[in-house]
1. Restricting to segment 1-37, count the residues that are assigned to a loop (DSSP other than H, G, I, E, B) and at pLDDT 70 or above.
2. If you scan segment 43-66, which residues turn out to be in contact with a helix residue (DSSP H, G or I) (Cβ under 7 Å, 6 or more places away or on another chain) and at pLDDT 80 or above?
3. Can you say whether residue 40 is in a helix (DSSP H, G or I), modelled with pLDDT of 80 or more and in contact with a helix residue (DSSP H, G or I) (Cβ under 9 Å, 6 or more places away or on another chain), as far as the supplied structure shows?
4. If you go through segment 82-97 one residue at a time, how many are assigned to a helix (DSSP H, G or I) and surrounded by 11 or more Cβ atoms within 10 Å (Cβ to Cβ)?
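The values are calculated or read from the model by the stated rules, or taken from the named source; none is laboratory data. These numbers were taken from a predicted model, which means no experiment stands behind them. Virtual Cβ from ideal backbone geometry, glycine too; neighbours counted across all protein chains shown.
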């Protein structure tokens with residue numbers, strides 16, 4: 001059992017680099033079907049190291065972020081809750097106000113905008 005496991009690991013290590021089962025079978029001197037079965041077993045168990053990790057789904061596209069930044073440039077005193085409501089109406093995406101604050105923070109916009117005070 002141990003020899004088979006080490007053979008399987010060597011098959012998988014070669015498989016990650018070559019990707020051709022026939023060449024791999026010639027390298028380790030086994031039949032094509034043996035190599036194919038070993039690779040399929042590792043794929044079913046999700047033990048291949050060459051799998052690409054999936055990222056979290058993005059809530060905004062680049063164009064959505066540009067639209068949000070344009071709204072803030074037009075009205076700098078717009079609150080995050082109102083911005084989230086406008087985003088829901090215009091972009092048809094339900095987002096929290098924290099998500100719109102994160103977009104603003106990543107683009108160097110402060111959380112608060114100074115109010116214009118009347119001079120005494």
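1. Number satisfying all stated conditions: 4.
2. 59, 60, 64, 65
3. When the stated conditions are applied, residue 40 does not pass them.
4. Result for segment 82-97: 10.
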